[in-house]
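The values are calculated or read from the model by the stated rules, or taken from the named source; none is laboratory data. Nothing here was measured: the structure is a model prediction, and the numbers come from that model. Here the Cβ positions follow ideal geometry from the backbone for every residue, glycine too, while neighbour counts run over all protein chains shown. Only protein heavy atoms, including side chains, enter the accessible area calculation; ligands, DNA and RNA are left aside. Shrake-Rupley method; radii C 1.70, N 1.55, O 1.52, S 1.80 Å.
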Amino acid sequence: MDVRIGIVGLALALCGSAGAQDIAAPVPVPLWPGPAPMAQGTAADDVPTLTAYMPAQNPTKTAVIIAPGGGYQHLSMEKEGSDCAKWLNAHGVAAFVLKYRLGPKYHHPAELGDAQRAIRTVRAKAAEWGIAPDHIGMWGFSAGGHLTASAGTLFDKGPAASADAIDKESARPDFLVLSYPVITLEDPFVHKGSRQYLLGDSPDPKLVELLSPEKHVTKETPPTFIYSTTDDQTVPIMNSVMFYAALVAAKVPAEMHIFGHGPHGTGLAPGFPDLKGWPDLLATWMRSRGLMEKQ
């Protein structure tokens with residue numbers, strides 16, 4: 001596959017770069033043409049980006065925005081980013097790896113704003129990239145799973161009066177994939193590091209409640225696939241269970257696979273014989289929903 005196709009399209013669409021044809025590999029492109037909202041500078045950690053990975057063919061016209069994990073303090077950009085993008089490409093699906101802003105420098109709402117801008121951007125450029133505007137999902141790992149679940153419960157349709165054409169687009173993802181996600185920010189099952197880096201040392205309880213996605217699932221929440229392990233020692237398994245229960249209660253299509261044993265942060269789990277089949281389960285789920293070509 002020639003990844004230049006994808007990055008050229010992204011570069012031209014977001015930046016209008018005349019030299020994009022010379023790009024030989026995927027590169028990150030800023031989500032905003034100027035400083036991002038709430039930007040505190042112009043360093044790399046002030047600039048949220050997307051990196052496009054385009055398949056040779058995309059028969060279902062599906063795109064997935066990938067949010068790597070890292071406790072809202074760093075990002076696992078390879079194992080939970082580019083590796084997953086290449087897996088999606090191999091299955092005929094477009095992928096966009098999101099680099100979102102992090103704590104302690106940035107707190108909410110910067111992170112959610114970055115995710116929403118990514119969704120709006122892909123939707124705004126869907127026709128140019130051969131993507132169906134109703135086949136745009138989001139896949140998050142760990143804290144990136146919290147960001148993904150937040151995007152799936154705290155979305156808006158986009159302000160029609162905005163002068164920015166991208167911001168007029170809906171920020172609702174059409175489906176969610178959550179891999180060993182952080183979900184609740186409330187005790188006793190919170191991953192405390194994620195809460196601290198997202199909200200600071202003494203967050204307002206109302207903000208903690210707002211950013212606990214299990215409390216905000218409705219019938220409008222997108223269909224969701226969840227993968228976790230029971231003995232995850234980093235993020236309690238009840239995070240996944242609580243979100244799944246909320247989806248079922250709201251009658252949202254949901255599928256969850258909880259493996260008995262396995263550490264946190266496995267990515268696609270190539271080095272874990274008991275877990276490495278989980279991406280096949282995701283592929284089956286996506287095929288059943290018309291999001292990936294049937295074999």
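Entry note, the chain: the mean residue ellipticity at 222 nm calculated from DSSP H runs of n ≥ 4, each adding -39500 (n - 2.57), is -8000 deg cm²/dmol after division by the residues and rounding to the nearest 500. Excluding residues on the same chain fewer than 8 positions from LYS219, give the lysines whose Cα lies under 18 Å from its Cα. Result set, ordered by chain and number: LYS157, LYS251.
Relative contact order of region 152-295: 22 percent, from C-alpha pairs under 8 Å at least 6 residues apart in sequence.
Cα-based radius of gyration for region 52-104, normalised by 2.2 N^0.38 Å, reads 1.21.
For region 20-136, the per residue solvent-accessible surface stands at 38 Å², with DNA, RNA and ligands left out and a 1.4 Å probe.
Taken over region 139-179, the percentage of Cα pairs per 5 Å bin, counting from 0 up to the bin with the maximum distance, is 7, 25, 23, 18, 14, 10, 4, 0. Rolling a 1.4 Å probe over the protein heavy atoms leaves HIS74 with an accessible area of roughly 100 Å². Among the GluC sites (Glu not before Pro) in region 153-246, those placed in a DSSP loop whose Cβ has at most 11 other Cβ atoms within 10 Å are GLU220. If you put +1 on each Lys and Arg Cβ and -1 on each Asp and Glu Cβ, how big is the dipole of the chain around its Cα centre, in Debye rounded to 20? Rounded to the nearest 20 debye, it is 500 debye. The alpha-carbon positions of region 179-295 define a convex hull whose volume is 114 Å³ per residue. The apolar share of the surface of region 189-295, taken as the fraction of accessible area on carbon and sulfur atoms (1.4 Å probe, ligands and nucleic acids excluded), comes to 55 percent.
Using heavy atoms of the protein chains and a probe of 1.4 Å, the accessible area assigned to ASP231 is about 50 Å². Taking the accessible area of region 44-142, probe 1.4 Å, and keeping the other protein chains in place, the carbon and sulfur fraction comes to 52%.
Just for the chain, what percent of DSSP beta bridges are antiparallel, to the closest 5? Of all bridge pairs located within the chain, approximately 25 percent are antiparallel. Convex hull volume of the C-alpha atoms in the chain, normalised per residue: 126 Å³. Exposed loop sites here mean trypsin sites (Lys or Arg not before Pro) with a DSSP loop assignment and at most 16 other beta-carbon atoms within 10 Å; the chain contains its longest site-free run at 1-104. Assuming a ≥ b ≥ c are the square roots of the Cα gyration tensor eigenvalues, decide whether region 59-154 counts as rounded (a/c under 1.5), prolate (otherwise, with a/b larger than b/c) or oblate. It is oblate, given that a/c is not under 1.5 and a/b is not larger than b/c. The heavy atoms of TYR106 offer some 10 square angstrom of accessible surface to a 1.4 angstrom probe. Taking max minus min of the alpha-carbon positions on each principal axis, region 92-209 gives extents of 44, 35, 22 Å, largest first.
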